[in-house]
1. Based on the Cβ-Cβ distance from residue A:101 to residue A:350, what FRET efficiency comes out when R0 is 60 Å, to the nearest 0.05?
2. Take the Cβ-Cβ distance between residue B:238 and residue B:82 as r, set R0 to 51 Å, and report the resulting FRET efficiency rounded to the nearest 0.05.
3. Name the residue, out of A:323, A:164, A:361, whose mean-square fluctuation peaks in a Gaussian network model built on chain A with Cα pairs under 10 Å.
4. Pull up the cross-link candidates among the lysines for residue B:61, meaning alpha carbon to alpha carbon under 23 Å and not fewer than 8 places away within one chain.
5. If you average 1/r across every pair of different Cα atoms in the range B:34-153 and take the reciprocal, what Kirkwood value do you get, in Å?
6. Above 18 Å lies some portion of the pair distances; for the range A:157-217, what is it as a whole percent of all C-alpha pairs?
7. Enumerate the lysines that residue A:18 could reach by cross-link, defined here as Cα to Cα under 19 Å, with residues fewer than 8 away along the same chain left out.
8. At 4 °C and 1.567 mPa s, grab the translational diffusion coefficient of the range A:51-185 from Stokes-Einstein with a Kirkwood Rh over Cα pairs, rounded to a whole number in µm² per second.
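Just so it is clear, none of the values below were taken in a lab; they were calculated from the coordinates. Remember, predicted model here, so these are calculated numbers, not experimental data. Here the Cβ positions follow ideal geometry from the backbone for every residue, glycine too, while neighbour counts run over all protein chains shown.
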Amino acid sequence: MEDCLAKKMEITVSEAEKRTGRNAMNMQETYTAYLIETRAVEPQSEGQCAPVDSLWRRYSEFELLRTYLSVTYPHIVVPPLPEKRADFVWHKLSADNMDPDFVERRRIGLENFLLRVASHPVLCQDKIFYSFLTQEGGWREMVNETGFQIKADSRLKALNATFRVKNPDKRFTELKHYSDELQSVISHLLRVRARVADRLYGVYKVHGNYGRVFSEWSAIEKEMGDGLQSAGHHMDVYAASIDDILEEEEHYADQLKEYLFYAEALRAVCRKHELMQYDLEMAAQDLTSKKQQCEELATGTVRTFSLKGMTSKLFGQETPEQRETKVKILEEQIQEGEEQLKSKNLESRDFVKSAWADIERFKEQKNHDLKEALISYAVMQISMCKKGIQVWTNAKECFSKM
Amino acid sequence: DTSLAEVNSFSPSMPISPSSMINQYKFEDEPELRDLFITVDDPESHITAIETFITYRVVTKTSRGEFDSSEYEVRRRYQDFLWLKSKLEEAHPTLIVPPLPEKFIMKGMVERFSDEFIETRRKALHKFLNRIADHPTLTFNEDFKIFLTAQAWELSSHKKQGPGLLSRMGQTVRAVTSSVRGGVKNRPEMFTEMNHYMETFSQKINVLDKIAHRIYKEEREYFNEMKEYGPIYTLWSASEEDIADSLKGVASCIDKCCKATEKWMAGLSENLLPILHEYVLYSEILMGVLKRRDQIQGELDSKVGALANKKTEKDMFSEEIGKLEDKVECANNALKADWDRWKQNMQCDMRSAFTNVAENNLHYYEECLATWESFLASQTVDLHVEEDSEDRP
């Protein structure tokens with residue numbers, strides 16, 4: 001971790017700006033651009049600060065970066081991007097992508113993404129990532145030149161395809177199961193939390209109606225007037241306080257959302273492993289059958305049923321020369337196949353080793369982050385309770401003076 | 001700390017002295033001088049061929065001389081309470097007779113004989129009788145005494161003696177027609193002010209009633225969602241190892257806050273909502289009282305007006321006019337005194353109701369705070385333990 005980029009470079013997504021432009025189909029579109037600022041963290045002489053570099057990127061470029069990283073490092077649990085569209089909203093929150101609160105939370109999420117990548121021991125060394133942060137023009141072309149797109153398509157197929165692995169790795173099966181559970185439970189949690197927030201908002205806001213009535217009532221009362229009036233003021237304070245409280249809670253929801261999306265990334269690694277395993281099994285199976293074929297041709301016995309065997313029986317045997325050619329081809333293929341199998345096995349073992357290392361790293365990170373998130377949630381609740389106590393203590397005093 | 005909870009613990013076999021009941025009532029009117037204690041409890045269902053109805057047990061303990069005995073126990077049904085109220089209004093048209101719970105409840109679709117409905121009604125009937133007992137004039141009303149003491153058949157026969165339904169209807173008709181004409185022109189400033197006050201008060205109390213109900217509804221919806229929220233953390237903890245305890249801790253906090261929310265709601269429904277509702281009814285009662293005063297004045301005014309041009313007949317009717325003038329003066333004084341008393345009680349009731357609400361809310365937040373603070377403490381202890389164990393080789 002000592003060499004990771006995050007330690008050498010300060011990275012922030014400091015601003016968001018609405019832009020209009022023309023898209024690929026020459027139609028006008030509105031989008032938001034984000035300003036990425038970077039500054040080297042190095043001891044400067046005489047307390048000077050390193051200069052700040054900056055460039056603008058839009059969300060789709062972040063998406064391109066992430067796709068590139070996922071494809072190029074399939075054994076890594078790649079940090080997720082903040083959500084594309086506002087999800088799990090409760091009524092006051094806007095589902096509009098252009099809504100300033102959404103844009104603000106997205107800005108924070110994008111910064112968090114960059115910091116995650118920059119502090120990852122493997123990903124931070126990637127040159128495309130570095131260029132993303134520092135090279136304004138020509139970055140898209142650079143990415144495309146890596147030829148990752150081909151891998152991207154096959155990866156997409158892998159993620160969605162259904163196939164059965166005969167000897168699955170138990171650890172990866174368990175991990176995939178865990179990632180499914182995590183996704184399910186976090187999305188359920190976020191949905192209910194949004195509903196709870198909605199209801200709490202309602203409770204607080206209705207109290208705001210007291211203020212006006214108390215004020216109007218106090219106009220006809222002599223002795224009760226002051227108490228009513230000042231109590232009404234506290235009711236207004238109470239009703240207004242929920243806005244900040246729930247805005248803070250959105251940060252908690254965002255922390256959970258990150259791990260909801262992380263679960264997807266975890267699942268992708270498991271699927272990649274499954275695909276490799278399946279490939280390996282297929283390759284081994286293919287080799288075995290070729291070897292068998294070879295043996296049969298060489299010894300002239302037919303142990304297994306094959307259409308070729310039947311047709312040759314029906315329509316006459318091959319000549320010895322034909323058979324020899326076939327054997328030679330098969331022997332070549334077998335040799336190729338054995339080499340391929342060897343390299344595939346090696347690949348698979350490397351994958352498992354490095355994937356598992358990153359998974360352990362991820363697990364620690366996840367446990368640390370989620371525990372902190374839960375603690376910060378408790379802190380928010382405590383703050384809300386303290387505010388409530390203050391308001392109602394004040395209100396009680398006013399009421400007792402009525 | 002209110003009397004109502006303790007009422008339920010009374011049983012016929014338990015002798016309770018009037019003096020021991022002094023502490024159990026929160027009415028402001030000189031509790032040390034009370035000599036009449038009434039409880040309404042033990043609702044019972046009665047099924048006859050014609051109808052089904054509920055009776056309530058009314059227990060009276062008194063040291064007053066006018067009562068033959070010091071303790072009475074009778075059963076009354078809602079109809080009997082209605083009768084009592086109308087008799088009191090009849091006898092004292094410009095006194096403020098306390099409100100009765102309504103015949104039917106429209107909103108909420110509460111079933112007529114659901115336990116909730118019966119209990120709400122019982123509490124309101126209890127308050128009704130005690131308010132009458134506290135009233136300096138109404139407490140000595142004869143019909144009130146009969147209501148408290150007469151056996152069922154005695155009450156029935158007494159009821160039949162009074163002016164019948166038709167004559168009561170006639171009174172109402174006269175009241176309506178005369179109010180159209182009279183009382184407003186020569187109305188003393190004081191009563192005009194009272195009218196203006198009641199118009200505004202009535203408006204505001206109705207709005208407050210609606211707001212309070214709305215808050216209750218929102219709290220209930222919040223409670224329903226919270227019930228579902230906590231268990232999800234528990235479910236999650238089943239998939240985790242390292243953070244399972246933290247997740248379970250959060251689940252437990254949320255469940256505790258959920259229970260606190262129930263108390264939060266109960267505080268509102270047992271305390272503020274009934275009081276606001278009573279004062280909604282009171283505002284109608286008071287408007288009625290003011291009208292009746294106007295009507296009494298109207299009788300005088302119209303009589304005086306009719307004789308204005310007939311100087312010769314003035315002497316003949318001077319006695320009648322004198323009586324009417326007395327009637328008006330009595331009515332005005334009675335109303336003025338009762339008004340002041342009502343305003344004092346209203347202020348007291350409102351003060352205590354809203355203070356209770358504030359206290360109730362404080363308890364809610366204090367309970368939730370304690371829950372989350374203890375969770376936080378447990379988490380930070382863990383962190384320190386973890387840090388210590390990491391330092392060790």
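1. Values: r = 45 Å, r/R0 = 0.75.
The value I calculate is 0.85.
2. Given R0 = 51 Å and the Cβ-Cβ separation, E is 0.30.
3. The residue that fluctuates most here is A:323.
4. Partners found: B:26, B:85, B:87, B:123, B:127, B:145.
5. By the Kirkwood definition, the hydrodynamic radius is 15.1 Å.
6. On the way: 1199 of 1830 pairs.
When every Cα pair of the range A:157-217 is considered, 66 percent fall beyond 18 Å.
7. A:84
8. 74 µm²/s
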